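Comments concern the structure below.
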Amino acid sequence: MGDFQAASCKIAGPFKVEAVTKAAKKLRSSMDHPAQVALVFVSANYAQHLSEFCEILRVDGHIVDVIGCTASGWIEGASEFEGGSGCSILALHCDVGDPVALVGDSPKLPASLNSDPPPNAVVILANPFVFDIDDWLKDWNKRYPGLPTMGGLASGGGEDDMCVFHNGKIVDAVVLPVIGQTTLIPVLSQGCRPIGEPFTVTRAEHNVLYALGNQSAYNALESAFQTLTEDQKSHARGNLFAGLVGNEYVEDFQSGDFLIKNIIGADPGSGAVVIGGIPRVGQTLQYQLRDRSIAIEDLDRAYDAAPAFNKRAFASLLFSCLGRGKQFFGDSGKDAARLADAVGGKPSAGFFCNGEIAPVRGLNALHGNTAAAAIWVKKIP
């Protein structure tokens, strides 16, 4: 295909034909070739205008396909925009396959993805109200083991407002194959560190933990809490999480080996702890502490440990948890600015998700409290 290119832009404010047309023309003028796809993240009040919105981007922006979802906040370049109306757009001229829309009874693993050779990676956007992403990932990992899969769950409103779309049509989820000479480098920052001891899940029902090892899940949580300093204890409310090990074939679990799940509730009477995930009996779990300083260190470590990509990167996507951003860091733009620096200011877009999808030690999974960056690079021959 020759040189890969990308362009990004944002629109501030509610949907207006003039503003979208201006953005489309800006994207078009920033690239020497038409874009194969644009990934778009819009505030919920754009949902009623999706057909017109996507048509303007495709016609005036010379973009073949437009995929995207609603978002409670969006990211463009080194900036994050939380709340309010608007959108961010990333247009790409590179090797990608046709987007695959998943709707209703359509196959979870479409035959069109069984290409030869298979994709190098995929991006998925899904509506958490209508699409079971945990079930999909379970099947996906069996069919495509080790295939980097990046993405996020739509946000930005209630069940009636939230959506995923492909060329203006509402879908349950959409998958974008990354093929040919294009691939993605995943970078994950969780901002949590393990506390207490790792335990084996010995009793659980759905998302309710009852026993870890030979004690109740609640007692194990209390024991982990008591390992904290007094200062850490004072900031622990709302910052304790459950970490489920994704890959059990690791001798010493470190930060980054866990799938971070919210702790929804705990009952000292029954000893139960309710989490935002489905643990398996026999799976390793360790409680986690979220902290701003840890998150910043985690960001630096994640990017420093990633392969050198700043010379090969031509774009990036950022899928950041709703729990991050200004309310967590105190300042807006921490995640976006660090990513922009890592990729040398190349075009970038993203959004604040209801859940982030990225691999951990080769296993694709749904995360929480995570910033997952997909670095678009040209493959090394």
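Descriptive notes on the structure:
- Only helical runs count toward this figure. For the chain, summing -39,500 (n - 2.57) over DSSP H runs of n ≥ 4 and dividing by all residues gives -6000 deg cm²/dmol at 222 nm.
- With neighbours defined as other Cβ atoms within 10 Å of a residue's Cβ, the residues ARG280, ARG290, ARG237 order from fewest to most as ARG237, ARG280, ARG290.
- Cα long-axis angle, helix 217-226 against the chain (0 to 90 degrees, to the nearest 10): 90 degrees
- GLU197-ASP132 pseudo-label distance in nm [points 7 Å out on the Cα-to-Cβ vector]: 3.6 nm
- Average Cα contact separation per residue, the stretch 307-374, under 8 Å, 6 or more apart, as relative contact order %: 44 percent
- Cα-based shape type of the stretch 1-121, given that a ≥ b ≥ c are square roots of the gyration tensor eigenvalues and the cut on a/c is 1.5: oblate
- Computed lengthening from GLU18 to SER51, 0.36 nm per intervening residue step minus Cα-Cα distance: 10.3 nm
- Under the criterion of Cα pairs below 8 Å and six or more residues apart, the relative contact order for the chain equals 22 percent.
- LYS142 versus VAL103: modelled label distance in nm, points set 7 Å from Cα along the beta carbon direction: 2.7 nm
- Of ALA47, GLY277, GLY86, farthest towards positive along the dipole that unit charges on Lys, Arg, Asp, Glu beta carbons give the chain: GLY86
- Take each peptide in 143-152, 121-130, 225-234, count the other Cβ atoms within 10 Å of every residue, and average; sorted highest first, the result is 121-130, 143-152, 225-234.
- Cα shape, the stretch 192-290, gyration tensor, a/c 1.5 rule: oblate
- Note on ALA236 and ASP304: the model spin-label points, each 7 Å out from Cα along the C-beta direction, lie 2.9 nm apart.
- For the stretch 1-62 and the stretch 167-243, distance of Cα centres in Å: 35 Å
- In the calculated pair-distance distribution of the chain, the portion above 34 angstrom amounts to 26 percent of the Cα-Cα pairs.
- Across LYS138/LYS334; LYS142/LYS169; LYS138/LYS261; LYS10/LYS346; LYS346/LYS378; LYS26/LYS346, pairs whose alpha-carbon gap is larger than 20 Å: LYS138/LYS334; LYS142/LYS169
Computed from the coordinates by the stated procedures, all read-outs in this text should not be read as laboratory data. Note that the structure is predicted; figures quoted are calculated from it, not measured. All Cβ positions, glycine included, derive from the backbone under ideal geometry; neighbour counts span all protein chains shown.
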